[in-house]
Amino acid sequence: MILVLKQGISPAETDRLKEELRSEGHLVKEIKGVEETILGVVGTIRKDPRHFETLPGVAKAVPISKPYKLVSRELHPAPSIIRVGDVAIGGDRLVVIAGPCAVESRGRSLEIARAVKSCGAVLFRGGAFKPRTSPYSFQGLGEEGLKILAEVREETGMGVVTEMTSTSQADLMMKYVDVVQVGARNMQNFELLKCVGRIGKPVLLKRGLAATIEEWLMSAEYILSEGNDQVILCERGIRTFERYTRNTLDLTAVPVIHALTHLPIIIDPSHATGIREKVSPMARAAIAAGADGLTIEVHTEPDKALSDGPQSLYPEQFKQLMRDLYVIAPVVGKQLDFSYLEKAKKLKATSAPPGKRPRKVVYPGEPGSFSHKACMHFFGAETPHENRSSFRAVFEAVREGEAALGIIPVENSSTGSVHDNYDLLLEYDVRIVGEVTLRIEHNLIGQPGTPLADLRRIYLNDIVTSYLKTPEFGNLSISHSKTSLGTELADDLLNVKGSALHLSKVIMNLVGNAAEAMPAGGTIRICTRNRYLDTATERFERIPEGEYVLLRITDEGVGIPAEELPRIFEPFYSKKKMGRSGSGLGMTVVWNTIKDHGGFVDIQSQEGVGTRFDVFLPATREENDRTQHRVVLQDYTGTERLLVVDDIQEQRDIAVRMLGKLGYQVAPAAGGEEAVAYLQAHTVDLVVLDMVMPPGFDGLETYRRILDFHPGQKAIIVSGYSPSERVKAMQHLGAGEYIRKPYTLEKIGLAVRRELDRKPA
Ligand code: PEP
Ligand code: MN
């Protein structure tokens, strides 16, 4: 029975209610959710649910529909995280348990433990009491084995997992072990289940050889009903008619278990397959299916193993598997953390003595945000964490010692650099002590015709070269083996704004068409260059004056008849055999994408000679996201003298403060006239000049006058908006870059540094 408590019920009232229910012989479990608190009431319930609704403080009574109660998701909707020392099973980080089937000797165990730990295993397994099919097989070292396990923990810091085969071993388990394993053969040994329930240590409950999921969960219920919630389920293969593998791994159990219970589930691919070569593929599949972890048998000399050698991985194989899992995990929102244990140690070390500063971590934003996710990936749910309402608040909390560590985003794969945080890193005396990357891939959706401009700055050459590495291009090269491809990519290419994904599709379609146009083979050329049209031109369509990035794709193919040219962008206009190479929408997509990017098309085609397809995309002078990345502050600090000229006081102050932070000696001037007067008496290495300063001199006028008495004076132009002729005129006179307000520390820092380092022409 689930009792939903009334909002605002006091702790004393709750306790009274629990007491009353317990006095009626029920087991009561309190679960505090975000929105409501519920009591799980289990045991033999004879009374009508309506009876419970009459109890003080109870808002609603709902029967639990499943035969298992405490383990059901109905009672406990949030996933449970089982803690073993610093390790948390069921959270964002995968937990891999590894070790030999049985503890064979001290030396061997330590050797294997060191090997698996170096590959990223966080718990060590090894049986001391082995449930063997034959009484003549190795039965395990017993207590001697447990002592060895305790030594392994002592030396490596890994918690140890071992099987308990009889209730008589309870005291030994209490003394030596971190996780008590209940083996497949004992899954329905109810006395043993009750016993491990009372021991209170985390339990690894293996699924029985022929147990249904419901029976398995009922066994878990036994453990929970004894008051021990720390159960980890382990699917280890079930007995089916298939004899090729030792058992049949039921991976369906992963999503089924996650739906039915809050308990975590790990997979044992070693016992499930019984064959070394099959272990890694099934381990990878298990993680892809969403398992919370794995338990894997590893042995340094499997040929000499006393049990289960044929299914034990060599350490090298285990290492490779862990690397594979590292790559797979993010797909299912998890992470394999190679420094799991060290991190926990480091975090403990950074905390001040207990009672003083809590060793919590702070992150910006709401729970569920990417920063929260990053926090979970890096530290795991077991680390106390808290959110803050802003980036600055995170820095504050760390500086004030309120939190041991903070998480802040610095690079975002969809929006680029988070400049605020680069700036805050400069402002606050804090250190970067770690890094975590989350995989974020977002698709963009919008109304048809929504302009993609302003989204991202893209370097088209990168799009071309990445396209040439795609499987699509690989297949094309194979199916058109007589066709070759040449590229001519301008290295001074300006950026364009828009969507890399969509522009890549344009290239794919145009290259695909070029290949189709040359059934007998030939050469396709992809060329990029900057193109400035000083007047509008009338071509395939009218292209206005402007700065463009030109993408040109030419072929030596059959050509397109002039009368058909106007129609080629229509849906289903295709000379290709439908079904073989496309949807018939390729060129329509090309057209729409070019239009979405504010671009234009020109086509020149001659039958029997070939086709030249030009895409004009508006150029931007902004740097692309890539070039802004990972610039280290040292790259743009300096000690030179600068003069900041700006008529707006806040703007002037910002520039003086930012450049001062980078180490420069900065003087301010409140306008062109003041700048000229200052420079008649002083010299500076560079002038940072605002363009528009009404009613006084503008940037160009100021610069002209400065040059009269300081020829060759270096300057950069900083402005919110300014007519481009005046900027160009200034650059013509020798001024350097033009950067747009509002700028970031990195932008202005880089521009200043580049100009100072530029050799006079
Ligand atoms: C084991 O983990 O070594 C073992 C004996 O497993 P199972 O109980 O799943 O057969
Ligand atoms: Mn085994």
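Worth pointing out:
- Residues of the range 300-317 satisfying the condition of being in a helix (DSSP H, G or I) and either at pLDDT below 95 or away from ligand 1 (no atom under 16 Å from the Cβ) (or both): Asp303, Lys304, Pro315, Glu316, Gln317
- Flag if Arg539 is open to solvent by 30 Å² or more (accessible area, probe 1.4 Å), under 19 Å from Gln606 (Cα atoms) and modelled with pLDDT under 90: yes
- Scanning the range 179-201 for residues that are out of contact with any helix residue (DSSP H, G or I) (no Cβ under 8 Å at 6 or more places or on another chain) and more than 11 Å from Ile223 (Cα to Cα) yields Val179, Gln181, Gly183, Arg185, Asn189.
- Odd one out for Thr165 among (1) open to solvent by less than 60 Å² (accessible area, probe 1.4 Å); (2) in contact with a Ser or Thr (Cβ under 8 Å, 6 or more places away or on another chain): (2)
- Selection of strands (runs of 3 or more DSSP E) fully inside the range 1-113 by the criterion of at least 3 residues being more than 27 Å from Pro367 (Cβ to Cβ) returns 95-99.
- Restricting the first member to the range 261-273 and to residues that are without any contact (Cβ under 8 Å) to a residue 40 or more places away in the chain and more than 11 Å from ligand 1 (Cβ to nearest atom), and the second to residues that are among the polar types (S, T, N, Q) and open to solvent by 10 Å² or more (accessible area, probe 1.4 Å), the beta-carbon pairs closer than 6 Å and six or more apart or on different chains are Thr273/Thr245.
- Note on the range 160-204: residues that are within 16 Å of ligand 1 (Cβ to nearest atom), of a type outside the set (S, T, N, Q) and not in a loop (DSSP other than H, G, I, E, B) amount to 14.
- Considering Val179, Val161, Val152, the condition of being at pLDDT 95 or above and more than 16 Å from ligand 2 (Cβ to nearest atom) is satisfied by Val152 alone.
- The listed residues are Val327, Val332, and the only one of them that is away from ligand 2 (no atom under 16 Å from the Cβ) and open to solvent by less than 60 Å² (accessible area, probe 1.4 Å) turns out to be Val332.
- Of all the criteria given as (1) in contact with a Lys or Arg (Cβ under 9 Å, 6 or more places away or on another chain); (2) surrounded by fewer than 17 Cβ atoms within 10 Å (Cβ to Cβ); (3) at positive phi; (4) of a type outside the set (Phe, Trp, Tyr), the one not satisfied by Glu151 is (3).
- Filtered residues of the range 506-541 (kept if farther than 22 Å from Asp596 by Cα and assigned to a loop (DSSP other than H, G, I, E, B)): Ala517, Met518, Pro519, Ala520, Gly521, Asp534, Thr535
- Whichever residue in the range 359-407 is touching a Leu at 6+ places or on another chain (Cβ under 8 Å) and among the basic types (Lys, Arg) and, among such residues, is farthest from Phe338 (Cα to Cα): Arg392
- Residue among Leu489, Leu533, Leu493, Leu550 that is in contact with an Asp or Glu (Cβ under 7 Å, 6 or more places away or on another chain), farther than 22 Å from Gly586 by Cβ and of a type in the set (A, V, I, L, M): Leu533
This table checks each residue for (1) open to solvent by 10 Å² or more (accessible area, probe 1.4 Å); (2) of a type in the set (D, E, K, R); (3) touching a Cys at 6+ places or on another chain (Cβ under 9 Å); (4) farther than 20 Å from Ile648 by Cβ.
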| residue | (1), (2), (3), (4) |
| --- | --- |
| Glu673 | yes, yes, no, no |
| Val687 | no, no, no, no |
| Pro694 | yes, no, no, no |
| Arg726 | yes, yes, no, no |
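- For beta carbons closer than 6 Å, sequence separation of 6+ or different chains, a first residue in the range 147-169 that is touching a residue at least 24 places away in the same chain (Cβ under 8 Å) and closer than 23 Å to Tyr340 by Cα and a second that is small (Gly, Ala, Ser) and more than 16 Å from ligand 2 (Cβ to nearest atom), the qualifying pairs are Val152/Ala113; Thr156/Ala113; Gly159/Gly85.
- The residues of the range 471-506 that are open to solvent by 90 Å² or more (accessible area, probe 1.4 Å) and out of contact with any Ser or Thr (no Cβ under 8 Å at 6 or more places or on another chain), listed by number, are Pro471, Glu472, Asn475, Ile478, Ser481, Lys482, Asp491, Asp492, Leu501.
- Taking the criterion of being closer than 17 Å to Ala88 by Cβ, within 19 Å of the chain's Cα centre (by Cα) and open to solvent by 60 Å² or more (accessible area, probe 1.4 Å), the only residue of the range 368-384 that qualifies is Lys373.
- Residues that are of a type outside the set (Lys, Arg) and under 20 Å from the mean Cα position of the chain (by Cα) were ranked within the range 79-95; the one that is farthest from ligand 1 (Cβ to nearest atom) is Asp92.
- Scanning the range 205-218 for residues that are in contact (Cβ under 8 Å) with a residue 12 or more places away in the chain and more than 13 Å from ligand 1 (Cβ to nearest atom) gives Ile213, Glu214, Glu215, Leu217, Met218.
- Residue in the range 130-143 that is open to solvent by less than 10 Å² (accessible area, probe 1.4 Å), within 15 Å of ligand 2 (Cβ to nearest atom), in a loop (DSSP other than H, G, I, E, B) and free of Cβ contacts under 8 Å to residues at least 40 places away in the same chain present: no
- Whichever residue in the range 99-116 is in contact with a strand residue (DSSP E or B) (Cβ under 8 Å, 6 or more places away or on another chain) and closer than 16 Å to Ser339 by Cα and, among such residues, is most open to solvent (accessible area, probe 1.4 Å): Ala115
- Residue in the range 542-587 that is least open to solvent (accessible area, probe 1.4 Å), counting only those that are part of a strand (DSSP E or B) and modelled with pLDDT under 85: Gly546
- Filtering the range 103-154 to residues that are among the aliphatic types (A, V, I, L, M) and more than 37 Å from the chain's Cα centre (by Cα) leaves Val103, Ala128, Leu141, Leu146, Ile148.
- When Ile739, Ile716 are checked against the criterion of being closer than 30 Å to Asn421 by Cα, without any contact (Cβ under 8 Å) to a residue 24 or more places away in the chain and among the hydrophobic types (A, V, I, L, M, F, W, C), Ile739 stands alone in meeting it.
The values are calculated or read from the model by the stated rules, or taken from the named source; none is laboratory data. Note that this is a predicted model, so its numbers are computed, not measured. All Cβ positions, glycine included, derive from the backbone under ideal geometry; neighbour counts span all protein chains shown. Accessible surface is based on the protein model in full, side chains and every heavy atom, while ligands, DNA and RNA are left aside. Shrake-Rupley method; radii C 1.70, N 1.55, O 1.52, S 1.80 Å.
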